[in-house]
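Here's the structure, in structure tokens; my notes come after.
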Amino acid sequence: MGHSSTTDVLVVGAGPIGLTAAAELRRRGVSCRIVDRLPAPLPFAKAVGIQPRTLEIWDRMGTVRAVLDAAVPMRGQITYVNGAEQPRIDLVLPPEVPYRFAALPQYETERILGEHLGRWGTAVERGTELVSFSQDADGVTSRLHTPSGAAEELRTRYLVGCDGAHSIVRKGLGLSFEGGAFPEEYMLADVEADWDLPHGYSLRALHLDGAGAVDDVLVCIPLLGRGRYRMSMKVPPELSTAQQAAAAADGVAHGLQGGRAPQLADIQTVLDRLSPTPTTASNIRWSSVFRISHRIVDRYGHGRVFIAGDAAHIHPPTGAQGMNTGIQDAWNLAWKLALAVEGAAHPGLLPSYDAERRPVGEEVVGRTVRHASAQGVQSDPDTLMLREAQLLVGYRGSRVVDPPGEGPGPRPGDRAPDCGGLTSPIAAAPLRLADLLREREHVLLLYGTGLDELARTARESSGGRVGTCVVLPAGTPPDAPAGPAVLPAYHDTGGEFARVYAAEQPTAFLVRPDGYLGARLSPPTPQQLAAHLATVFAPTARH
């Protein structure tokens, strides 16, 4: 067996989740390898819905421009039931949310993230499969099969499994994966249709039987290209993979299935039944049969080994929650893992990955199963839209964020919302808060003047790992002292920051690398800030 030099982290699986994890680790200077058993990326538009929260993440990573070039807007959904048009659903969000809903084929997502990862000289090692692993107190030993057929033993400090529903990493940890499977099977296809539906709208056409149950369905998501859609529909009996699914080695029937792929004629047959207007399908790029299960693990890792994405949770694709949830898993884990590799993480920081993300996975699995079971989700429309956009995901109660307390505005554990109208003597146009946070780690936002001692505390309590920005209230004289000259200061000229953050007096906001508030201190004291940072950083990092 061959041996390689050690590296900090091995990431298994090069889908969107694994690529996110690897890119965020490399951006922070962590050495890592990313392997995938497939010899080449799959050219399938599997996950296509991109949530606004994911776009915020990609903005902070520095990849959002490439995504905007390749994606199409998702403006809403048109629904038909038994041929009758239903009220149109428009995807509307509050004006301070910087991004809207989008559609992007998974192969494009993987291309963009792979190119982003390449900025740090790291490429996916294709055709390399994790066979087994073992861990001890100091690291993880992984056994790999390489494209040449040789075996390799790799020693790393941590292992991250982003290897899908049939995860070798999950099985190697012995984690439970409780849940079940839906009996229905679906066809997926990437095709063109010559209808004239409104640009940026998906189509959902249902047929109800005499008892009111759905017995036929067609869902079409727009993709880049004239008349191109990712379509899903029920499978005819002759294309069923039920026997294959029942014989699955691990009992998990989820994802693309083998067997005969649907043909254009199969797609056309469904369109003839359910399309609201006569249409002809053409130019099929790919097709497959798809099965759906709903399962979640009992924990997101053990020791030095973690899992994310479909390795940890699978569920119906309702609302395009799966890939987006997995990307947030990787986003949450990467900054914590980077601090651990550096020796700068408090012992409780890595365990907070499971504590923060598993409840999110449980909620998503439960909600999408209720949707798929036609039980619905009771919520007012505005809350429902924010939840579908994944803007309500939060970590209140986490041991590494302060207690939320009471009062208006975002609290510790909540997403740090964006806002505009921040001006600078240098920038000719107003900036957004996202501009100040992009590609940065912990940032201390100081609202008010005379708070320079807090900046010093942040620096000393984190070993220089927390940056500081001052936001000056509207009406503050341009020459008012904001603190030491080295602190960047921006004027809240229109009062938008004060409104969105409900800041009426001097306040300190500690924004984590994943864009969530770790602390909100008002009025702030150095002692409070130091106490919070002591829950994140190791004592050795604070000197």
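Give, rounded to the nearest 20 debye, the magnitude of the charge dipole that the chain has about its Cα centre when Lys and Arg contribute +1 at Cβ and Asp and Glu contribute -1 at Cβ. Intermediate results must be reported in sequence, preceding the final value.
Details: 52 positive and 59 negative charges, 167 e Å.
About 800 debye.
Probe radius 1.4 Å, ligands and nucleic acids left out: which of 143, 65 has the largest accessible area, and how do the rest follow?
65, 143
Expressed as a whole percentage, what fraction of the accessible surface of the range 339-472 belongs to carbon and sulfur atoms when a 1.4 Å probe is rolled over the protein heavy atoms?
Of the solvent-accessible surface of the range 339-472, carbon and sulfur hold 51 percent.
Please identify the trypsin sites (Lys or Arg not before Pro) of the range 86-136 that satisfy two criteria: DSSP loop assignment and at most 16 other Cβ atoms within 10 Å. Which are they? Let's see the in-between values first.
Values: sites: 88, 100, 111, 119, 126; in loops: 88, 100.
Here the trypsin sites (Lys or Arg not before Pro) that fit, given the DSSP loop and packing criteria, are 88.
Once label points are set 7 Å from the Cα along Cα→Cβ at both residue 428 and residue 383, what is their separation, rounded to one decimal in nm?
4.6 nm
Give me the percent of the accessible area of the range 47-149 that comes from carbon and sulfur atoms, probe 1.4 Å, all protein chains in place.
On the way: 2270 of 4450 Å².
C and S fraction of accessible area: 51 percent.
Accessible surface of residue 435 in the full protein assembly, 1.4 angstrom probe, to the nearest 10 Å²?
60 Å²
Under the Karplus relation 6.51 cos²θ - 1.76 cosθ + 1.60, θ = phi - 60°, what is the ordered set of whole-Hz ³J(HN,Hα) values for the range 288-296, x standing for Gly and Pro?
6, 9, 10, 10, 10, 10, 9, 8, 8
So between residue 264 and residue 363, what do we pick up on full extension, going 0.36 nm a residue minus the alpha carbon distance? Walk me through the numbers before you get to the answer.
Numbers: separation 99, 0.36 × 99 = 35.64 nm, distance 3.69 nm.
That pair, residue 264 and residue 363, stretches by 32.0 nm at full extension.
Can you give me the pair-distance distribution of the chain, C-alpha pairs, 10 Å bins, whole percents?
Pair shares across the bins are 3, 17, 27, 25, 16, 8, 2, 0.
With both partners inside the chain, how many of the DSSP beta bridges are antiparallel, as a percent to the nearest 5? Intermediate values should be presented prior to the final figure.
On the way: 72 of 103 bridges.
Here the share of antiparallel DSSP bridges comes out near 70 percent.
From the Cα gyration tensor of the range 417-525, with a ≥ b ≥ c the square roots of its eigenvalues, which class applies: rounded if a/c is under 1.5, or else prolate if a/b is larger than b/c, or else oblate? Present the calculation step by step, with values, prior to reporting the outcome.
Details: a/c = 1.38, a/b = 1.24, b/c = 1.11.
It comes out rounded by the Cα gyration axes.
List residues of the range 85-119, by number, whose backbone nitrogen lies under 15 Å from a label position 7 Å along Cα→C-beta of residue 68.
97-103
Could you check the simple spin-label distance between residue 277 and residue 453, using points 7 Å along Cα→Cβ, in nm with one decimal?
With each label placed 7 Å out from Cα toward Cβ, I get 6.9 nm.
What residues of the range 29-72 lie in the reach of a label at residue 6, counting those whose backbone N is under 19 Å from a point 7 Å from the Cα along Cα→Cβ?
29-34
Tell me, what is the per residue accessible area of the range 377-429 in Å², probe radius 1.4 Å? Show your work: numbers first, answer last.
On the way: 2750 Å² over 53 residues.
Each residue of the range 377-429 exposes 52 Å² on average to a 1.4 Å probe.
Compute the distance in nm between two label points, each set 7 Å from the Cα along the Cα-to-Cβ direction, one at residue 132 and one at residue 150.
2.1 nm
With a probe of 1.4 Å, find how much accessible area the range 2-83 has per residue, and write the answer as a whole number in Å². All intermediate terms of the calculation are to be shown ahead of the outcome.
Values: 2760 Å² over 82 residues.
With the other protein chains kept in place, the range 2-83 gives 34 Å² per residue.
What whole-number value in cubic angstrom gives the convex hull volume per residue for the C-alpha atoms of the range 18-162? Before the final figure, lay out each step's value.
On the way: hull volume 25.2 nm³, N = 145.
Hull volume over Cα atoms, normalised by residue count, gives 174 Å³.
Provide 38, 68, 437 ordered by accessible surface of protein heavy atoms (probe 1.4 Å), highest first. Can you show the working numbers first?
Numbers: 38 50, 68 95, 437 15 Å².
My answer, sorted largest first, is 68, 38, 437.
Quote the accessible area belonging to residue 277 in square angstrom, nearest 10, computed with a 1.4 Å probe and with ligands, DNA and RNA left uncounted.
60 Å²
The values are calculated or read from the model by the stated rules, or taken from the named source; none is laboratory data. Bear in mind the structure is a predicted one, so any value in this text is a computation, not a measurement. We place every Cβ from the backbone using ideal geometry, glycine too, and count neighbours over all the protein chains shown. With ligands, DNA and RNA removed, areas are computed over all heavy atoms of the protein, side chains included. Shrake-Rupley method; radii C 1.70, N 1.55, O 1.52, S 1.80 Å.
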